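The values are calculated or read from the model by the stated rules, or taken from the named source; none is laboratory data. The structure displayed is predicted, hence computed values, not measured ones. Because the Cβ atoms are built from the backbone with ideal geometry, glycine has one as well, and the counts that use them run over all protein chains shown. The area values use the complete protein model at the heavy-atom level, side chains included, leaving out ligands, DNA and RNA. Shrake-Rupley method; radii C 1.70, N 1.55, O 1.52, S 1.80 Å.
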Amino acid sequence: MSKIIKKKLKDLKLSNNFRIRKVKDSGNSHIFVHKNKEYLSFASNDYLSLSNDKRIINAAKKSLDNHGYSTSSSALISGYTKSHMKLEEEISDFLGQEKTLLFSTGYQANLGVIKSLVNRNDTILSDKLNHASLIDGSIISRASFKRYRHNDFKDLENLLLKSKAKTNLVISDSLFSMDGDIADLKKINKIVQNHESLFLIDEAHALGVYGNEGRGFVNKYSLNKKSNIFVTGTFGKSVGTFGAFTSGQKDSVEYVMQKARSYIYSTSLPVNAVEATRESLKIIQKENWRREKLFSLVNYFRKNISESGFNALDSRSQIQAILIGSSKNAIYVSEQLLKNKIYIPAIRPPTVEEGKSRLRVSITTDHEESDIDYLINILHTISRNLVQS
Ligand SMILES: Cc1ncc(COP(=O)(O)O)c(C=O)c1O
């Protein structure tokens, strides 16, 4: 092994930030099966517990028989089918947007959209807690990259006032993936409008969960069809399938299609993933009980979590973060949970700031109150040992 890499690996291990993958034999939203053992999982983004839904699986199977697996091409060459076109139209209808462009992943969507919209003469103003794909897209764009303090509108406004760029692009998650709190999109949009900026909103964790029939925050606050707003969404979370998109005004999305390299130079989504998503969207709109149960569980968790000896950050969403502090302690708590058949991985730097390692508790529709009771009981025992150790 190269001496350089050996040293880098050693440093990572010493900092307790070395990562390992745990093979999942089966399961998803609330169950994780590993080496023939079943764990109660709070580690999945399958918030509506749809990824194993038979209707979605059957839609994918049927499509496989008709279309095979790969599209064998990017969308602009020969990888764009009627299924892709229909899903784009259905998402536009669902969100109340004019046009939608499918990407293979949310990561690619964010890279593609940001790089299409700004260049080295421009400035990006990005919430400090935005997702890594938004950060990476910003860096690749070569625009001047400024991060405003989390949800701090004064800071955002000050940065906009100072900016002399031709184009300013403001970027925010609508629901923050590691803290679970929600951006005040209406307030940000007011600032954005005053400064005639562009605004990219990442709805990855809100889609399916928030808004009427799961249409997300942009729709909920009537920010759809605004000429300066772009929305990213991904299907790998509450939709329970795979893929992603950007939506917005017709001309804006058309422009992204012309420019986004992560769209132009990448194989399009397999048709079975597209058909699975079309089926899932129907279920998401119809089955309101999934959201109702999810939020009832979230309330139950919040009402009782302090009994565990740990506190959760201030979040009303399905993402509940239990702040531990050091990576070492976060790993310790996660390992103790594992010994008690609960799977919640420790989230550590660089995903979160140094000293803010945590357990990210992800609640899903298939959980029950008894699952939360069990988690709180075990955490209670761990918290007592953690104080003594
Ligand atoms: C806020 C946010 N945006 C984008 C992505 C990327 O989506 P995908 O998993 O489809 O690449 C994620 C996934 O973790 C996310 O949390």
Problem - Anchor residue 162: lysines whose Cα lies under 29 Å away (excluding residues fewer than 8 positions away in-chain) - result: 115, 128, 146, 154, 186, 187, 190, 225, 226, 259
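Which chymotrypsin sites (Phe, Trp or Tyr not before Pro) does segment 244-330 hold that lie in a coil by DSSP with at most 16 other beta carbons within 10 Å?
Counting only loop positions with at most 16 other Cβ atoms within 10 Å, the chymotrypsin sites (Phe, Trp or Tyr not before Pro) in segment 244-330 are 265.
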Exercise for the section: Can you send over the solvent-accessible area of residue 337, 1.4 Å probe, protein chains only, in Å² to the nearest 10? Expected result: 0
Exercise for the section: Provide the packing ranking of 3-16, 348-361, i.e. peptides ordered by the mean count of other C-beta atoms within 10 Å per residue, highest first. Expected result: 348-361, 3-16
Completion exercise
As straight-line cross-link partners of residue 282, the qualifying aspartates and glutamates (C-alpha separation under 18 Å, not fewer than 8 residues apart within one chain) are 46, 53, 88, 89, 90, 93, 213, 292
Problem - Gap separating the Cα centres of segment 171-208 and segment 326-344, nearest whole Å - result: 32
Problem - Heavy-atom SASA rank of 120, 278, 384 (probe 1.4 Å, accessible area, largest first) - result: 120, 384, 278
Fill in the blank from the handout: For the chain, the percent of accessible surface on carbon and sulfur atoms (probe 1.4 angstrom, ligands and nucleic acids excluded) is 49
Handout entry: Positive dipole terminus of segment 54-286, leading residue within 67, 118, 105 (C-beta point charges)
Key = 118
Completion exercise
Residue by residue through segment 225-241, the couplings from Karplus 6.51 cos²θ - 1.76 cosθ + 1.60 with θ = phi - 60°, in Hz, x for Gly and Pro, are 6, 8, 5, 9, 9, 10, 10, 9, x, 10, 8, x, 10, 5, 5, x, 10
Handout entry: Most mobile listed residue (376, 284, 319) in the chain, GNM with C-alpha springs under 10 Å
Key = 376
Handout entry: Exposure of residue 161 as accessible area (Å², to 10), given a probe of 1.4 Å and all protein chains
Key = 120
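What order do you get for 224-230, 52-58 when each peptide is scored by the mean count of other beta carbon atoms within 10 Å, highest first?
Peptide ranking by packing, descending: 224-230, 52-58.
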Problem - Dipole axis of the chain (+1 Lys, Arg; -1 Asp, Glu on Cβ), positive-most option in 344, 209, 385 - result: 385
Practice task
Pop out the ³J(HN,Hα) list for segment 325-338 in order, Karplus 6.51 cos²θ - 1.76 cosθ + 1.60 with θ = phi - 60°, rounded to Hz; leave Gly and Pro as x.
Solution key: x, 6, 4, 4, 5, 4, 5, 4, 5, 4, 5, 5, 4, 4
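Report, in debye and to the nearest 20, how large the dipole of segment 54-286 comes out about its Cα centre when Lys and Arg carry +1 and Asp and Glu carry -1 on their Cβ.
Working: 32 positive and 24 negative charges, 39 e Å.
Roughly 180 debye for segment 54-286.
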Exercise for the section: Counting helices only, and only those DSSP H runs with n ≥ 4, report the 222 nm mean residue ellipticity of the chain as the sum of -39,500 (n - 2.57) divided by its residues, in deg cm²/dmol to the nearest 500. Expected result: -13500 deg cm²/dmol
Exercise for the section: Please list 114, 378, 20 in order of solvent-accessible area, largest first, computed with a 1.4 Å probe with all protein chains present. Expected result: 20, 378, 114
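Rounding to the nearest 20 debye, state how big the charge dipole of the chain is about its Cα centre with +1 on each Lys and Arg Cβ and -1 on each Asp and Glu Cβ.
Dipole of the chain, to the nearest 20 debye: 1320 debye.
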Handout entry: Reachable lysines from residue 3, criterion Cα separation under 21 angstrom, eight or more residues apart if same chain
Key = 13
Problem - segment 54-286, accessible area per residue, ligands and nucleic acids excluded (1.4 Å, Å²) - result: 43
Fill in the blank from the handout: For residue 225, the residues 5 or more places away or on another chain with a placed amide H closer than 5 Å to its own amide H are 98
Completion exercise
Given 30-37, 43-50, the highest-first ranking by average Cβ count within 10 Å works out to 43-50, 30-37
